[in-house]
Structure formats: structure tokens, C-alpha cells
Amino acid sequence: MDPHNTNTEAKMLLSQAKTLRLHTGNLVSRSRLKKKCPGSPSEELQDCIQATLTDWFSTIKPTSKDFTDTLECSIPQPTDAITPEEREELKVSVKLFLCEPVESSIRDAVEMACQTLAVSQLDSVIIAPPGPLEGDSLMLAHLQPAWEELESLVRSQKIAAIGTSDLDKDLMEQLYNWAQVKPSSNQVNLASCCVMPPDLTAFAKEFDIQLLTHNDPKELMSAATFQETVKGGLQDLQDQDLNDWRLEWVLRYSIIVKSRGIIKAKGYLVSARKASP
């Protein structure tokens, strides 16, 4: 396909769409990405979005019926769908990065993950809520709306266990005492502390909360970086084509073989929206 035509079609689709949903496919098996070793989770996500958009737009032949409100971008390869026969042998773990404080995003992301992976329930979901405004500190009030949405998904059996990210001992204790569904885990960024804080370790041990480590930045991807990343995946797009686009959420999933502890599949689901004029 003529690259110029492809980019013209990409512009038309983006101009018509209000929401962009993207699935990177299984990074474990994507040869194009396996050759690269990203330096950080942010770089990995940028590489994934660019590669997926490039591959997807190079294969589509849009017609007028494709001009929809929601663009579904996924690369043409076998999906990560889990068969009923293998479900018991696998653990599906998810970390959900909320880029905007919209609680409905949590349900949208979980339902998209279940649908994409062909499962009725995610084994664990760790939430990374959007940070507080500059100058503010993270407080329980910031976490409560998102946590209530997660609790609702646990009650409806969409999620088995829910966890948090980057909470210190005081905030962890406040959340634990308030929550109806207690956190089962808390991720700690070892870039900010080389060893686990003793008070957090003691609290987690007392209340059977698993402490995990991670190396995700506080902001996985800014709006400006997302726009640049999309431009990198779709050549010849101009800034004005993307100025109104914002990330809503990013979901990173891992499918782990329980008996062997190896990652069978890993990928990203991404949702972005165009701000209303």
C-alpha cells in the first residue's frame, strides 16, 4: 500500500474517532520488539504503541464504514486468548495505570482485558491512580473512588484480588482500615528506597499483605509523549492532528504459568480519547 495513502487514511480515521483503543499483542512473541531491550517501562510502552499503530495502519484499507467513534487498533496476529482447558494452569496479573481520575475507566479497562484474553475473571489487579496535583500529597480521599470501583468488580467476580502501588505505611493502614475488600498487595518502587521501609514491612506481615517491587515511573506517559509516540507510529501526522488526544488509561497484563513461574504472554491495552472542543 502506498505509504502516503495510508497516512491520509490514518488522518481521516483519527479525525472521525473520539476514542482510540489499542492492543499490542503478546510482546513475548513479537519478533519486532524482541530485538529491542527498552531501558524503562515508559520506553517499552512507546515502542509498543508505535509498532502497533504502524503495523495496523499498514494493513487496513478503510472505507466509509470504518469511520467510527472508536478506533480498535490491534496487530494481525494470534491473540492471547486463553482456552478453558489451560485457564487453571495460568495466572492473569494486571497493573492498571489511570491517567485521568475517571472511575468508569477502571471497569472499561477490566472488561476490555477480560474480553481480549477470553477470561471471565482477572486473578489480580494492582491500581496506580493518577498522582495528586502538584504541591498536594496523596491522601486516602484520592484513593477511595478508585478503590470502591475495584471492590465492585471483586463483588461481581471480575477480579479475584486487588492491590495498590507506592503507599507508605500510614496510607496503607488508612486504606486497610477503611476498605471493605482489603488490599492483598502493595508495590514499592525500589528507586525511591533501596530497602523496604521497616514499618511497612511489619504492617504488611501482620495483615498478610504481599509487598512487591516495581520500576515504573510515577507518570508512565505524559500527554505530550503520547502525542509524539502516535506521530512516530504514523508518519506525516501534524501536531494539530493530535493536540486534543489524551491517554485515559494503560493496562499491562502478564499471563504466568503457575507451575513453572514463567511468563507465557505480556502486553499492553491502551485507551485514549479526544478532548471535546
Quick check on region 94-119: of everything there that is crowded, with 17+ Cβ neighbours inside 10 Å and of a type in the set (Ser, Thr, Tyr), which residue is farthest from the chain's Cα centre (by Cα)? Thr116
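Given region 1-59, what helices (runs of 4 or more DSSP H) lie entirely inside it while holding 1 or more residues that are modelled with pLDDT under 90 and within 18 Å of Glu72 (Cα to Cα)? Full working, then the answer.
Working: elements: 3-16, 31-34, 41-59.
Of the helices (runs of 4 or more DSSP H) lying wholly inside region 1-59, those with at least 1 residues that are modelled with pLDDT under 90 and within 18 Å of Glu72 (Cα to Cα) span 3-16, 41-59.
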Expected single match for open to solvent by less than 20 Å² (accessible area, probe 1.4 Å) and at pLDDT 85 or above among Leu242, Leu269, Leu211, Leu237 is Leu269
Within region 127-148, track down each residue that is of a type in the set (S, T, N, Q) and either modelled with pLDDT of 90 or more or in a helix (DSSP H, G or I) (or both). Gln144
Confirm whether Pro198 is at pLDDT below 95 and out of contact with any His (no Cβ under 7 Å at 6 or more places or on another chain). yes
Matching residues in region 60-71 (open to solvent by 30 Å² or more (accessible area, probe 1.4 Å) and at pLDDT 80 or above) number 2
Has region 81-103 got at least one residue that is of a type in the set (Lys, Arg), modelled with pLDDT of 85 or more and part of a helix (DSSP H, G or I)? yes
What about Ser259, is it of a type in the set (Ser, Thr, Tyr), at pLDDT 85 or above and more than 21 Å from Ala51 (Cβ to Cβ)? yes
Quick check on my filter: what residues within region 156-204 are assigned to a helix (DSSP H, G or I), of a type in the set (D, E, K, R) and surrounded by 14 or more Cβ atoms within 10 Å (Cβ to Cβ)? Lys169, Glu173
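The values are calculated or read from the model by the stated rules, or taken from the named source; none is laboratory data. Computed from a predicted structure; not experimentally measured. Counting neighbours? That spans all protein chains shown, and the Cβs are built from the backbone with ideal geometry, glycine included. Accessible surface areas use protein heavy atoms only, side chains included; no ligands, DNA or RNA. Shrake-Rupley method; radii C 1.70, N 1.55, O 1.52, S 1.80 Å.
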